[in-house]
1. For region 127-233, what mean projected area does the convex hull of the alpha carbons give, in nm²?
2. Kindly identify region 57-147 as rounded, prolate or oblate by the Cα gyration tensor criterion: order the square roots of the eigenvalues as a ≥ b ≥ c, call it rounded if a/c is under 1.5, otherwise compare a/b with b/c, prolate if a/b is larger, else oblate.
3. What do you get for trypsin sites (Lys or Arg not before Pro) in region 18-120 restricted to DSSP loop and a cutoff of at most 15 other Cβ within 10 Å of the site's Cβ?
4. Pick from 168, 119, 207 the residue whose mean-square fluctuation is largest in a GNM of the chain, springs joining Cα atoms under 10 Å.
5. Relative to the first principal axis of the alpha-carbon coordinates of the chain, what is the inclination of helix 237-250, with its axis defined by its Cα atoms, in degrees from 0 to 90 and to the nearest 10?
6. Taking 28 Å as the cut-off for C-alpha to C-alpha distance, list the pairs among 29/134; 4/160; 159/184; 2/134; 108/160 that go past it.
7. Per residue of the chain, what 222 nm ellipticity follows from adding -39500 (n - 2.57) for every DSSP H run with n ≥ 4, rounded to the nearest 500?
8. Using the alpha-carbon centroid of each, what span in Å lies between region 112-163 and region 38-70?
Amino acid sequence: MKVKVAILGCSGRMGRNLIQAAVEHQSIKLVGGSVRESSSFVNFDLGELAGIGAIGQKTSTQLNDLLDADVFIDFTSIETTLENINWCQQHNKALVIGTTGFSAEQVKVIEQASNNMPVILAPNTSVGVNLMFKLLEITAKAIGDYTDIEIFEAHHRFKKDAPSGTAVKMGQVIADTLGRDLNKVAVYGREGITGERKKETIGFATVRAGDIVGEHTAFFADIGERLEITHRASSRMTFALGAMRAAFWLSEADNGYYDMQDVLGLK
Ligand SMILES: NC(=O)c1ccc[n+]([C@@H]2O[C@H](COP(=O)([O-])OP(=O)(O)OC[C@H]3O[C@@H](n4cnc5c(N)ncnc54)[C@H](OP(=O)(O)O)[C@@H]3O)[C@@H](O)[C@H]2O)c1
């Protein structure tokens, strides 16, 4: 049986890729997608939106029109996702959240909602990135205590939050493995006379330029050598395909709070 999926924010950069990935996925049935009431894509064919030709399904402005879906995939904005999570909770729907940039307090709201529904919070749905998190854990365990750890990320000019959710998660994985508090050791950018690098710090550097889909590197640097672990996304389809994998997995999960490590069996 196919899993019935709806895409929230389907006219966005990710939304259009998600439509294509859902249509092409053999275990998923796309039942609809949402746009804003003010959108120029109201009542627009989903396939045409994705550039894959008409599929005979139109965009909706009301989540109540999408009740047929079992799993919702949300790549919108922080405010919209927080509204959508309330609706999903009230209607017993599972939710894959791809939206990024939530504060610690907002994450707590999502965690609380997961008592009543299955939720995946996935700031990066790429399978490669999530494997990278595992590699970071292994590396931090082996050499993290004596190397300088820095994280670099680059994205397109339209991205609204920085550093990326993925970069922060990379820092979190490393800090957790080393027993450090990321809030205390993170350094977000440097300028002026900063003094020598403090051993415990985890530095973040951000680039925003052109159409870069997403690049992340963790440096573990010692005197005489440096290990770099890099992931480069060359197309948004990697995130869309990972989101479909997450939606399929979530359709069989109990109420609870999950991430892509759960989906990929990496825990
Ligand atoms: N998890 C991952 O792997 C991953 C990968 C890439 C991006 N992201 C994140 O996903 C989010 C979206 O990224 P994007 O690049 O696709 O941005 P985007 O192009 O701005 O798309 C967001 C879409 O959401 C729509 N939207 C906002 N509020 C809505 C509402 N109430 N109802 C219906 N649609 C609504 C917007 O509509 P309007 O155009 O009408 O405002 C827009 O089409 C960001 O947080 C981004 O950081 C995550």
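Just so it is clear, none of the values below were taken in a lab; they were calculated from the coordinates. From a predicted model like this one, the values you see are computed outputs, not experimental measurements. Positions of Cβ are generated from backbone atoms using ideal geometry, with glycine treated the same way; all protein chains shown enter the neighbour counts.
1. On the way: hull surface 28.6 nm².
It is 7.1 nm².
2. Details: a/c = 2.76, a/b = 2.19, b/c = 1.26.
Verdict is prolate for region 57-147.
3. Working: sites: 29, 36, 58, 93, 108; in loops: 36, 93.
Taking region 18-120 and a limit of 15 other Cβ atoms within 10 Å, the loop trypsin sites (Lys or Arg not before Pro) found are 36.
4. With Cα springs under 10 Å in the chain, the top fluctuation among 168, 119, 207 is at 207.
5. It is inclined by approximately 70 degrees.
6. Numbers: 29/134 31 Å; 4/160 30 Å; 159/184 26 Å; 2/134 30 Å; 108/160 22 Å.
The answer is 29/134; 4/160; 2/134.
7. -10500 deg cm²/dmol
8. 31 Å
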